[in-house]
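Take a look at the structure below.
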Amino acid sequence: MNIKSFDDLDITDPIMFGLVFSNKHIAQPFIEHLLGIKIDHLETPVPEAVLSYDAEHKGVRYDVFARETNENGETIRSFDLEMQMVDTKELPQRARYYQSVDDGVALSKGGFYTNLKDQYIIFLSPKDIFKHGFPVYHFENRAREDSNITLGDRTFKNFYIFNKYEEFENPVVKAYMKYFATRNADSRETETIDDQVSYYKADTLIRNKYMTYEFDLHESKEEGKTEAKLEMVDAMLANPKLTDEDIAV
């Protein structure tokens, strides 16, 4: 199993993407421009967020998970941001499961279904996995008899094909997509992202920890051990204050 050297990491690597977009001043305008909404209050996004029903069910690991809340701390909308460079041939099914786990966690025992809020699963990918030529695909449940009739279940699954950045009409969104595709920052928003990438790459603590686990990964031969090491890298980068002992296996 290969892992990039620290110096080669960029915004399209899930680890760096999670670190950068865990900053509210980056994630909030990005979500607002992408979805054409105004967010009242975005809770600090969580990189490599893990949600699960319980120990008996498969959990999910979101690249970045965030919630919009009101003045009472109640969730208004939730957002899952996924940087997906490889077509694993199961992204639609994964989006379905991500949605179901978020709903299961959000709805407490005995809660009313009407308590479920708007939920957005957002995939950012270089390739058009649906092969119909659109730069973005917005999915929601509609009636086959009349596509103007929506189910109204408040769930949305969006796939943004950033290699098609030239085809995005919104100039801000186009700049975001161009940055993901080319790493060229030519807008205020993407310059902010690029600066944050540089900030993390200059962080000695994160660099040293990443390089330590990079070496360990190459030394690991057993598949289970390698997977465990990858999880440790995720945990370390999600919380740079963790020590080696905190996440040792």
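The values are calculated or read from the model by the stated rules, or taken from the named source; none is laboratory data. Being a predicted model, the structure only gives us computed values, none of them experimental. For neighbour counting, all protein chains shown are included, and Cβ atoms are generated from backbone atoms with ideal geometry for every residue, glycine included. In case anyone asks, the SASA skips ligands and DNA or RNA and just uses the protein heavy atoms, side chains included. Shrake-Rupley method; radii C 1.70, N 1.55, O 1.52, S 1.80 Å.
Assorted remarks:
- Residue match in the range 124-141 (condition: open to solvent by 20 Å² or more (accessible area, probe 1.4 Å), of a type in the set (D, E, K, R) and in contact (Cβ under 8 Å) with a residue 24 or more places away in the chain): yes
- Condition met for E219 (more than 30 Å from H33 (Cα to Cα) and either at pLDDT 75 or above or surrounded by fewer than 13 Cβ atoms within 10 Å (Cβ to Cβ) (or both)): yes
- Just one of the numbered conditions (1) without any contact (Cβ under 8 Å) to a residue 12 or more places away in the chain; (2) over 17 Å from T12 (Cβ atoms) is not true of A185: (2).
- Any hit, the range 33-44, residues being polar (S, T, N, Q), at pLDDT 95 or above and within 29 Å of T114 (Cβ to Cβ): no
- For E166, the conditions (1) open to solvent by less than 70 Å² (accessible area, probe 1.4 Å); (2) not in a loop (DSSP other than H, G, I, E, B) all hold with the exception of (1).
- Exactly one residue among T114, T192 is part of a helix (DSSP H, G or I) and either open to solvent by less than 70 Å² (accessible area, probe 1.4 Å) or closer than 19 Å to P29 by Cα (or both), and that residue is T192.
- Sole exception among (1) outside any loop (DSSP other than H, G, I, E, B); (2) surrounded by 13 or more Cβ atoms within 10 Å (Cβ to Cβ); (3) modelled with pLDDT of 90 or more; (4) touching a helix residue (DSSP H, G or I) at 6+ places or on another chain (Cβ under 9 Å) for M85, by number: (1)
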